[in-house]
Amino acid sequence: MPRLGGVHNRLTEKIEALQIISIIGMGGLGKTTLANKVYKNPIVSHELSTLAWIYVSPTYSKDKLFLSILKGVTQVTSDMSSMVEDELAEEVRRQLTWKYLVVLDDVWEKKDWDSIKKAFPNHKNGSRILLTTRFKLVAVHADQHSLPYELDFLTQPRSWGLLQKKVFDGGDCPQEDLKDVGIRIAVQCDGLPLAVVVIAGMLQNDISKDAWETIAKSVKAFLVWKEEDLMEVLALSYYHLPPHLKACFLYFGVFLQDCKIHFWILIRLWIAERFVQTSENVC
């Protein structure tokens with residue numbers, strides 16, 4: 001995969017100085033997905049022994065961010081939990097003694113980088129920081145000597161390929177009568193992976209030409225590719241949910257952006273709200 005290979009090579013190249021490698025692109029292009037694939041790559045984890053994944057987002061807290069890094073690299077003690085910001089940053093620097101990789105996902109402003117960069121030592125041992133952001137200015141500010149890796153929109157063949165894989169569990173479309181309408185739907189996603197994935201979820205519900213033709217007629221009205229209009233893509237998915245699942249979907253709004261949601265906690269909250277019924281299979 002060219003996208004994965006490009007970032008992977010820059011993470012593992014033989015440069016001893018600390019490198020900040022940025023992935024940039026508008027929302028929905030797959031920055032986090034790409035970073036996650038690189039992060040979980042066995043070769044990367046072999047080359048870089050200390051790994052931590054941190055969500056930054058527009059509402060991050062520096063104290064919680066530094067604690068999250070510490071949780072990724074060591075056992076957090078009660079003393080660490082009571083430290084103030086500067087102490088936590090210094091503790092992170094003290095813990096990051098090995099060749100490390102830290103992913104900073106969803107950095108929004110230059111000042112965000114300025115406020116957290118003090119925690120990352122440059123031991124000149126090949127350590128790396130992988131940063132994802134929507135803004136090229138942020139990426140260049142983080143490291144003026146490293147060109148950011150800019151994600152492109154999918155080509156039409158790649159959009160159709162991704163749509164097939166998502167609908168048919170990794171395979172190609174087995175029904176000839178669906179291919180023409182499927183390609184038309186993929187084209188209307190305008191090369192944005194998020195749109196392809198959302199539409200694929202709808203197409204899975206009814207693998208028939210009539211159902212796909214209905215979706216093909218309505219896709220374009222929802223997919224207005226301005227940054228502020230991305231919620232309309234999610235709305236398209238929401239409107240096609242059964243009524244009993246809409247409340248479950250909206251419940252995600254009680255969680256902070258980019259926080260990790262444990263499925264068993266979510267299920268129990270749904271049960272407490274009486275959105276779903278208890279089951280012997282829920283653990």
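The values are calculated or read from the model by the stated rules, or taken from the named source; none is laboratory data. Quantities reported herein were computed from a predicted structural model and do not represent experimental measurements. Neighbour counts are summed over all protein chains in view; Cβ atoms, including those assigned to glycine, are modelled from backbone coordinates with ideal geometry. Just the protein is used for accessible areas: all its heavy atoms, side chains included, with ligands, DNA and RNA removed. Shrake-Rupley method; radii C 1.70, N 1.55, O 1.52, S 1.80 Å.
Quick check: net charge around F275, other residues with Cβ under 14 Å of its Cβ, Lys/Arg +1 and Asp/Glu -1? Cβ neighbours under 14 Å give a net charge of +2.
Full extension of the chain between V140 and A211 yields a length gain of 21.0 nm, computed as 0.36 nm times the residue separation minus the alpha carbon distance.
Only Cα pairs under 8 Å and at least 6 apart count here; give the relative contact order of the stretch 25-164 as a rounded whole percent.
Relative contact order here is 29 percent.
Relative contact order, whole percent, for the chain stands at 20, derived from Cα pairs under 8 Å and 6 or more residues apart.
Backbone phi angles across the stretch 156-161, fed through the Karplus curve with coefficients 6.51, -1.76 and 1.60 (θ = phi - 60°), yield HN-Hα couplings of 4, x, 6, 4, 5, x Hz in residue order; Gly and Pro are listed as x.
Distance between the 7 Å Cα→Cβ label points at H262 and S49: 3.0 nm.
Value of Rg to Rh for the chain, rounded to two decimals, is 1.01; Kirkwood radius and Rg both from alpha-carbon coordinates.
For K166, the lysines whose Cα comes closer than 23 Å to its Cα, not counting residues fewer than 8 places off in the same chain, are K31, K37, K40, K179, K209, K217, K220, K246. Taking the Cα centre of the stretch 93-143 as origin and assigning +1 to Lys and Arg Cβ atoms and -1 to Asp and Glu Cβ atoms, the resulting dipole is close to 280 debye. Centroid-to-centroid, using Cα positions, the stretch 29-72 and the stretch 147-204 are 27 Å apart. In the context of the full set of protein chains, the stretch 11-118 has a per residue accessible area of 49 Å² (1.4 Å probe). Ranking V7, L34, I21 by Cα position along the charge dipole of the stretch 3-74, where only Lys, Arg, Asp and Glu carry charges on their C-beta atoms, puts L34 farthest toward the positive end. Estimated from helical segments only, the mean residue ellipticity of the chain at 222 nm is -14500 deg cm²/dmol, where each DSSP H run of four or more residues counts as -39500 (n - 2.57). Sparsely packed loop sites in the stretch 25-54 (the trypsin sites (Lys or Arg not before Pro) outside DSSP H, G, I, E and B with at most 13 other Cβ atoms within 10 Å) comprise K40.
Once backbone amide H atoms are built at 1.01 Å from N, L131 has I21, S22, I23, L104 as its partners under 5 Å, excluding neighbours fewer than 5 places away on the same chain.
Cα-based values for the stretch 129-196, radius of gyration first and Dmax second, are 16.6, 51 Å. Here the accessible area of the chain is 55 percent carbon and sulfur, with a 1.4 angstrom probe and all protein chains present.
Note on the stretch 1-155: the alpha carbon radius of gyration divided by the globular reference 2.2 N^0.38 Å gives 1.00.
Note on K165 and L269: the extension gain reaches 34.2 nm, defined as 0.36 nm multiplied by sequence separation minus the Cα-Cα distance. Of the GluC sites (Glu not before Pro) found in the stretch 89-123, no site is in coil according to DSSP while having at most 11 other Cβ atoms within 10 Å of its Cβ.
Here the chain is assigned +1 on the Cβ of each Lys and Arg and -1 on the Cβ of each Asp and Glu. Its dipole about the Cα centre then comes out at about 420 debye.
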